[in-house]
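Below is one structure; the comments refer to it alone.
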Amino acid sequence: MLFRSRGVGLDAVRRSVENMRGHITVTSKPGRGCTFQLVIPPALTVLDGMLVRVGSDKFIVPSASVLEVLRPRPTDAAVVGGRVEFLMVRNKSMPLVPVAQAFDISGAGDLYSGLWLVTGTGEDACVLLVDELLDRGEFVVKPLGPSIRKIKGVSGTTVLGDGNVGLILRSEEHTSELQSRFGISYAVFCLKK
């Protein structure tokens with residue numbers, strides 16, 4: 001039996017995939033049928049995020065993981081053993097994310113000069129200290145390269161408007177692992193580039 005078609009629908013699909021810099025592979029086996037494989041580059045994933053600065057480094061925090069952005073107050077810090085360990089947010093104690101300290105990022109502001117980004121929920125909730133919220137928008141996600149693929153808490157990269165690479169943080173994952181790495185109350189979700 002022979003089936004014929006003008007192929008207009010398949011041609012439209014092919015053009016759309018090629019416009020996204022992808023390609024289609026068609027394999028056919030007599031008596032078994034055809035297989036269509038559509039390959040679309042992962043770089044076309046778009047993320048709604050917040051571009052933040054810590055020192056001179058820039059990171060993307062997914063907007064969906066940020067519950068609120070607060071201006072810090074000295075009365076909201078809980079000091080344990082002479083250092084700030086927890087922050088009080090809406091009468092709830094949350095672990096501090098000391099990004100600048102943990103990764104020796106120079107030029108970062110202190111605990112009260114920047115912004116607190118409350119991220120995660122339940123046991124994964126924490127406060128991410130950033131110096132500045134630079135922008136909010138859509139960022140094209142690039143896949144992780146082999147050198148940073150194994151790093152917990154980083155889900156991808158993006159090329160920023162100035163040509164530099166920004167790491168996309170995944171703050172809702174790996175909280176307990178990162179807390180144990182940097183101390184009982186510390187959770188770190190980003191990496192110096």
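Readers should treat all values here as calculations from the given coordinates under stated rules, not as data from a laboratory. The shown structure was predicted, so the numbers you read here are calculated from the model rather than taken from an experiment. Heads up, the Cβs are rebuilt from the backbone with ideal geometry, glycines too, and the neighbour counts pull from every protein chain shown.
On full extension of the chain, what length is gained from Ser106 through Thr27, given 0.36 nm per residue of separation minus the C-alpha to C-alpha distance?
So the extension gain works out to 22.9 nm.
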Please list, ordered by chain and number, the residues whose modelled amide H lies under 5 Å from the amide H of Leu87; skip anything fewer than 5 residues away on the same chain.
Ala78, Met94, Leu96
³J(HN,Hα) computed for each position of the stretch 159-166 - Karplus, 6.51 cos²θ - 1.76 cosθ + 1.60, integer Hz, glycine/proline x
8, 7, x, 8, x, 7, 9, x
At 7 Å along Cα-to-Cβ for each site, give me the label-to-label distance between Ser113 and Val165 in nm.
2.9 nm
In Hz, Karplus ³J(HN,Hα) per residue of the stretch 54-69 (6.51, -1.76, 1.60; θ = phi - 60°; x = Gly, Pro):
10, x, 9, 8, 10, 9, 10, 10, x, 4, 5, 8, 8, 7, 6, 10
For the residue pair Lys92 and Arg15, what label-to-label distance in nm results when each label sits 7 Å from Cα along the Cα-to-beta-carbon direction?
5.1 nm
Percent of all alpha-carbon pairs of the stretch 105-170 at distances over 14 Å, whole number, is 70 percent
What are the ³J(HN,Hα) values, in whole Hz, obtained from phi via the Karplus relation 6.51 cos²θ - 1.76 cosθ + 1.60 with θ = phi - 60°, for each residue of the stretch 125-133 in sequence order, with x given for Gly and Pro?
5, 7, 10, 9, 8, 10, 7, 7, 9
